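Notes to accompany the following structure.
The values are calculated or read from the model by the stated rules, or taken from the named source; none is laboratory data. Just so it is clear, the structure is predicted and the values come from calculations on it, not from any experiment. Positions of Cβ are backbone-derived with ideal geometry, glycine not excepted, and every protein chain shown enters the neighbour counts. Please note that ligands, DNA and RNA were not included when accessible areas were found on the heavy atoms of the full protein model with its side chains. Shrake-Rupley method; radii C 1.70, N 1.55, O 1.52, S 1.80 Å.
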Amino acid sequence: MMTRSQQGRTNRLARPSIAVAAAVAVTAGVVAAAPDAKTAAVAGPKLSLIAASKSVTLDSWKEEPGVYLDLGTYLTSEKGAFEFKVTRKSYKDPVVASQIIRNGKKTTTKVLPAGLVKDFSGLPDFMEVSVVDAAGKSVLKKTESFCPNNASGRVRPDAPANSKFPQSCPANPFTLGSVWGVENGWAANTYAGYYSAPVQLAAGTYTAKISVTKKYRDLFGIANKPQSVKVTVRERSWEQPEGGSGGAAAKVASSSPHAGHAGHQAAADPAPSGHAGHGAPARTDAPASSTTGAGATFNVGHGPYPPAPPALPWALKKQAAEKQAGKDAFGAQGFSAARVGDRAGQTDGSRQAPGAQPNAKRPTGKAAVPNVPKPDLRSLPAYGITVSDGYEDVPGKDYLAFSANVWNAGPAKLVVDGFRSPGKELMDAYQYFYDAKGKQVGYTPTGTMEWDPRPGHEHWHFTDFASYRLLKADKKETVRSGKEAFCLANTDAVDYTVKNANWHPSNTDLSTACGQENSISVREVLDVGSGDTYTQDLPGQSFDITNLPNGTYYIQVLANPENRLKETNHKNNSALRKVVLGGKKGARTVKVPAHHLVNAN
């Protein structure tokens, strides 16, 4: 059994909103530019493209070629928020995006053209970027998507102090509903971050022209006013001493695009600072700079770290871990892989939030399950499905690895407290219940929590939260994962359109949610609308398929397998994903058919 710790979480990111706000604030005067007649005739907020600076310097690293085009441009929203509700009825139905336009007490819904938005990552092909070199020769032209929930900041002092919208756009392939928005008087970074591949630009000077594509200018009434930014590309190396020519700035080891506990997929462990000659030279965050929040899902999706990735084959993970521990740990291969282990503030690449505080004492009085709203735990179909071997730990074995998510459809959050009796290895776990005003009105015993002392884990797990099983074609069980104990965290925004969904949940990463070895009590929460992704990619938790015949199987993700948790509906706790095994022992293959309209392995 392994936690998201050793699986490395990309995730679900420290938000750079304050830094962005400072950068954007200086451009407030630009926002007031008068729109043309066509723009003024369109209902909805006034949107403008602005540049925080007329020049930027971008780094190209010798060990990791490519330049990330964070050009410091933002979309501002005035006279109302730029707001969207994005949903799909089921995986058999397409994604539908609707703009929500509020005018006093009147609310208008404007459905975007069918097929324009195909997933929940943002508005595709929203920005157009063209780059010319010093001689005026065109060297690059591309379009990028735009997530309205990207890192943002205020453009005027009387704007709302905080944005009500979530932080970034979901990237989980089985997301069901999302809310996007640029708050009134705010601006959101247009850089696509980890959704955008690096571009090849040699060291030198360039001019970039950034504009909103015509179809969106027409759709939202945005004035055709491109921004021009001078770009300096400088080549740098991780090995260069700080302060030298092109010396290495603080750069965190970039997260591997593979990671475990998907929602808990964390960004890489920060490298040694390199200050004053201590340790190896560090690197700045990549691919997005610290002033952006583009990319992954809030969950997986918000901020400068990657979205929840597919499972990392055990052999590759083992190799990366060993390489980082070796002499050439800062070599290209070793440094490019995420360092194993959970770190503070790192989840699926989207959020940083403190853990919820447990009650100071055990509950008293008679246990009771009151007639109040309760959570509704549901499973998503498995994804990130790959085959791997057991490497040196279990040679000669073949495994089926996958990512799985259990989420809470509400209308109440799941709250579980663990309390420790002196000298006992297990905590006693209790589920709490609340009335409509948030007052605790009941509790019931619900199993135990156990401490996992293994390096890279070292936190408390709630037992029997979910179960993973491989079923034969006749839907009968053939293999079961050994992973059934978890630390609960809100790693993925699965559906923020359900009743009582919390767009800003706490408990978003393991370092804040799961306690310490000497903890006397722990509170673990799965909030309404959010899910918890775990990647089963290690021997003992992924499925051993070494001796299974080729053919059709189903991965079953089962929430609340023993029905210990009280919820509104126990009939929607199972989700199946069809897979077809092939190949030969030592070289097994897996084909993953599309799940209705979702074609993600």
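The strands (runs of 3 or more DSSP E) located wholly in region 504-587 that include 3 or more residues which are more than 23 Å from residue 417 (Cβ to Cβ) and among the hydroxyl-bearing types (Ser, Thr, Tyr) occupy 551-559.
Any residue in region 83-100 that is more than 30 Å from residue 597 (Cα to Cα), open to solvent by 10 Å² or more (accessible area, probe 1.4 Å) and aliphatic (A, V, I, L, M)? Checking region 83-100: not a single residue is more than 30 Å from residue 597 (Cα to Cα), open to solvent by 10 Å² or more (accessible area, probe 1.4 Å) and aliphatic (A, V, I, L, M). Just one of (1) modelled with pLDDT of 95 or more; (2) open to solvent by less than 40 Å² (accessible area, probe 1.4 Å); (3) hydroxyl-bearing (Ser, Thr, Tyr); (4) outside any loop (DSSP other than H, G, I, E, B) fails for residue 145. It is (1). Among the residues of region 579-587, are any of a type in the set (Val, Ile, Thr) and within 30 Å of residue 369 (Cα to Cα)? No, region 579-587 contains no residue that is of a type in the set (Val, Ile, Thr) and within 30 Å of residue 369 (Cα to Cα).
Remark: pairs (first residue in region 578-601, farther than 13 Å from residue 550 by Cα and open to solvent by 60 Å² or more (accessible area, probe 1.4 Å); second residue of a type in the set (D, E, K, R) and part of a loop (DSSP other than H, G, I, E, B); Cβ separation under 6 Å; 6+ apart in sequence or on different chains) = 596/92. Confirm whether residue 590 is of a type in the set (Val, Ile, Thr), part of a strand (DSSP E or B) and touching a Lys or Arg at 6+ places or on another chain (Cβ under 9 Å). No. Here's a check for you: in region 207-223, which residue that is more than 30 Å from the chain's Cα centre (by Cα) and outside any helix (DSSP H, G or I) is surrounded by the most Cβ atoms within 10 Å (Cβ to Cβ)? Selected residue: 221. Working carefully through the options 193, 122, find the one that is touching a Cys at 6+ places or on another chain (Cβ under 9 Å) and over 20 Å from residue 82 (Cα atoms). Just a single option satisfies the conditions, and that option is 193. Note on region 386-422: residues that are of a type in the set (Val, Ile, Thr) and closer than 27 Å to residue 563 by Cα amount to 3.
The set of residues from region 51-101 being farther than 19 Å from residue 496 by Cα and of a type in the set (D, E, K, R) comprises 54, 59, 62, 63, 64, 70, 78, 79, 92. Here region 386-402 is the region considered, the condition is being closer than 13 Å to residue 468 by Cα and of a type outside the set (Phe, Trp, Tyr), and the residue that is modelled with the highest pLDDT is 400.
For region 429-459, filtered to residues that are acidic (Asp, Glu) and surrounded by 18 or more Cβ atoms within 10 Å (Cβ to Cβ), the residue that is farthest from the chain's Cα centre (by Cα) is 452.
Rundown of residues vs (1) open to solvent by 40 Å² or more (accessible area, probe 1.4 Å); (2) modelled with pLDDT of 85 or more, yes/no style:
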residue: 461; (1), (2): no, no
residue: 467; (1), (2): no, yes
residue: 486; (1), (2): no, no
residue: 500; (1), (2): yes, yes
residue: 528; (1), (2): no, yes
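In region 548-557, the count of residues that are open to solvent by 40 Å² or more (accessible area, probe 1.4 Å), closer than 18 Å to residue 403 by Cβ and of a type in the set (Phe, Trp, Tyr) is one or more. Scanning region 413-427 for residues that are closer than 28 Å to residue 496 by Cα and acidic (Asp, Glu) yields a single hit, 417. Would you check if residue 316 is open to solvent by 50 Å² or more (accessible area, probe 1.4 Å), closer than 26 Å to residue 578 by Cβ and either out of contact with any Ser or Thr (no Cβ under 6 Å at 6 or more places or on another chain) or modelled with pLDDT under 50 (or both)? It is true that residue 316 is open to solvent by 50 Å² or more (accessible area, probe 1.4 Å), closer than 26 Å to residue 578 by Cβ and either out of contact with any Ser or Thr (no Cβ under 6 Å at 6 or more places or on another chain) or modelled with pLDDT under 50 (or both). Within region 387-411, the only residue that satisfies the criterion of being open to solvent by 20 Å² or more (accessible area, probe 1.4 Å), in a loop (DSSP other than H, G, I, E, B) and either in contact with a strand residue (DSSP E or B) (Cβ under 7 Å, 6 or more places away or on another chain) or closer than 28 Å to residue 498 by Cα (or both) is 411. Only one of the listed residues (171, 159) is part of a loop (DSSP other than H, G, I, E, B) and in contact with a Pro (Cβ under 6 Å, 6 or more places away or on another chain). That residue is 171. Residues that are out of contact with any Ser or Thr (no Cβ under 7 Å at 6 or more places or on another chain), open to solvent by 30 Å² or more (accessible area, probe 1.4 Å), closer than 18 Å to residue 123 by Cα and not small (Gly, Ala, Ser) within region 177-206 comprise just one, 194.
Residues to consider are 532, 544; find the one that is surrounded by 17 or more Cβ atoms within 10 Å (Cβ to Cβ) and either under 20 Å from residue 445 (Cα atoms) or over 25 Å from the mean Cα position of the chain (by Cα) (or both). Only one candidate passes the filter, namely 544.
Please work out if residue 71 is at pLDDT 50 or above, part of a strand (DSSP E or B) and in contact with a Leu (Cβ under 9 Å, 6 or more places away or on another chain). Taking the combined requirement at face value, the residue does not satisfy it. In the set 194, 216, only one residue is modelled with pLDDT of 95 or more and of a type in the set (Phe, Trp, Tyr); that residue is 216.
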